[in-house]
Amino acid sequence: MWKRDEAVRPTSGQPATPAAAASTQPVPTPAAVQPDVRRIERDIVNIGKSVVIKGELNGSEDLTIEGHVEGRIELKDHVLTIGPNGKIKAQVFAKAVIVLGEVNGNVTASEKVDIRDGGSVDGDIISPRVAIAEGAHFRGSVDMQRKGAQPGQQKAASSSQAEKAQASASAQPQAAAH
Amino acid sequence: MALSDLFSRRRKEHAESEVGASDAPVHPTKVLARFIAGLSSRSQPVLLDLGPVVGTNVSFFGEQLGCKIIVEDLSKDIDRHVRDGLLDQLPAFLMKRFPQESASIDGILCWDVFDYIEKKSAKPLAEQLIRMLRPDGVLLAFFGTAQPQPGSRPEYTRHVVVDKANLQHRLYAAARPKQRPLPNRDIQLLFEPLRIVEQFLLKTNLREVLFRKAPETPGGPPVAPSA
């Protein structure tokens, strides 16, 4: 299972303020903290459940949202986690998006979208990989083609196309056999 | 209570609400392979799924076949109308339910949704599906052939694609039981002008039907279906 406990654990005793969350500044860590804990605190920033953000949210580190966000979220090379209390009404762009809360808006991920049990997405998903758990809610469309993929990703996309063509070709004789 | 406890409790509650997901029976399907073959001529076919969202189906159709999948779970709409006592409004609701443009969908997975609605609701739903389907597009639908047993627990079936020839049937609670089965002639009339290209009556009292919309003729409307 993905680091669920770590993801939802507050990174500090203080709830994040909108300004701090929006800039996603690393939280200073005490020297006595264990190295692995410190790493988590440095890499994942929490937006607490009492926080409401309206506007654009950009960041260059992994982010967990337990509060409300309206507008646009962009974490191009990082993981965005919508916690069980998180409510998002926004266009989302990230490397990977994990949804345990509610998302109302389109989600674009360069790697993966993962809607967990109890998670809800109302909107269109564009991502090469999509995982939807049994108890998840989803309404919208899923596009797993790699539109706007970077040069390194295009090769993978073309191999996916080749696999698709192979799958289609293998479908034909089977159908004809009936 | 720890958050992890809350998660595990929610998972347990959910698992109990469904008939053991992994233990659910797997049934052979005859038309799914034909349905997939019908989509293969398109580069990125657009698929409309009227059942509940199933992660493995999304992976199967999205990753393996390169489809764009649109999920419009009608079971939730039916349940809501039943619970609110608004079943008489269901036909009008279904007429406006789908925002998709006409002739924009390459394939429709109806599953067994028509078993849960009356004829007066089935007609507008079929009209909308026909409207959305592209010329030469395919539509897969299942129809029960057995009379519903009185007193049986109302359940929907979540159809999980195991492979092209097999579907796992996972049952989950419904607000109403299956309605009276549609006779074959009614099914044909309901979906006119779509043409039935494949039809199988399975031992599981399920009629699997694959419909196809007539291809468009150059410079003209779709050709009339052949008998």
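The values are calculated or read from the model by the stated rules, or taken from the named source; none is laboratory data. It should be emphasised that the depicted structure is a prediction, and the values quoted were computed from it without experimental measurement. For neighbour counting, all protein chains shown are included, and Cβ atoms are generated from backbone atoms with ideal geometry for every residue, glycine included.
A few points about this structure:
For (1) free of Cβ contacts under 8 Å to residues at least 12 places away in the same chain; (2) farther than 22 Å from A:Lys112 by Cβ; (3) out of contact with any helix residue (DSSP H, G or I) (no Cβ under 6 Å at 6 or more places or on another chain), each residue gets a yes or a no:
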position: B:Arg42; (1), (2), (3): no, yes, yes
position: B:Leu47; (1), (2), (3): no, no, no
position: B:Gly55; (1), (2), (3): yes, no, yes
position: B:Glu72; (1), (2), (3): no, yes, yes
position: B:Gly85; (1), (2), (3): yes, yes, yes
position: B:Pro91; (1), (2), (3): no, yes, no
position: B:Met95; (1), (2), (3): no, yes, no
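- For the stretch B:40-59, the criterion of being in a strand (DSSP E or B), among the acidic types (Asp, Glu) and within 17 Å of A:Gly140 (Cα to Cα) is met by at least one residue.
- Check on A:Gly135, at pLDDT below 95, within 11 Å of chain B (Cβ to nearest Cβ) and not in a strand (DSSP E or B): yes
- Search result, residues across the stretch B:19-30 that are more than 9 Å from chain A (Cβ to nearest Cβ), in contact (Cβ under 8 Å) with a residue 12 or more places away in the chain and surrounded by fewer than 23 Cβ atoms within 10 Å (Cβ to Cβ): B:Val19, B:Ala24, B:Pro25, B:Val26, B:His27, B:Pro28
- Taking the criterion of being in contact with an Asp or Glu (Cβ under 9 Å, 6 or more places away or on another chain), of a type in the set (A, V, I, L, M) and within 13 Å of chain A (Cβ to nearest Cβ), the residues of the stretch B:62-88 that qualify are B:Ile69, B:Ile70, B:Val71.
- The stretch B:62-93, subset part of a loop (DSSP other than H, G, I, E, B), more than 15 Å from the chain's Cα centre (by Cα) and surrounded by 18 or more Cβ atoms within 10 Å (Cβ to Cβ), residue modelled with the lowest pLDDT: B:Leu65
- For B:Ser59: the one exception among (1) more than 9 Å from every other protein chain (Cβ to nearest Cβ); (2) over 25 Å from B:Tyr116 (Cα atoms); (3) surrounded by fewer than 20 Cβ atoms within 10 Å (Cβ to Cβ): (1)
- Listed conditions (1) on the phi < 0 side of the Ramachandran plot; (2) without any contact (Cβ under 8 Å) to a residue 60 or more places away in the chain are all met by B:Leu190, apart from (2).
- Residue in the stretch A:114-122 that is at pLDDT 85 or above and out of contact with any His (no Cβ under 9 Å at 6 or more places or on another chain) present: yes
- B:Gln128 fulfils the conditions (1) surrounded by 21 or more Cβ atoms within 10 Å (Cβ to Cβ); (2) at pLDDT 95 or above except for a single criterion, (1).
- Among (1) in a helix (DSSP H, G or I); (2) of a type outside the set (A, V, I, L, M); (3) within 18 Å of B:Ala175 (Cα to Cα), the one test that B:Gln128 misses: (3)
- Considering residues of the stretch A:78-126 that are assigned to a loop (DSSP other than H, G, I, E, B) and among the acidic types (Asp, Glu) only, the residue farthest from A:Arg139 (Cα to Cα): A:Asp117
- If you go through the stretch B:94-117 and keep only what is buried (at least 18 other Cβ atoms within 10 Å of the Cβ) and assigned to a helix (DSSP H, G or I), you end up with B:Leu94, B:Val113, B:Phe114, B:Asp115, B:Tyr116.
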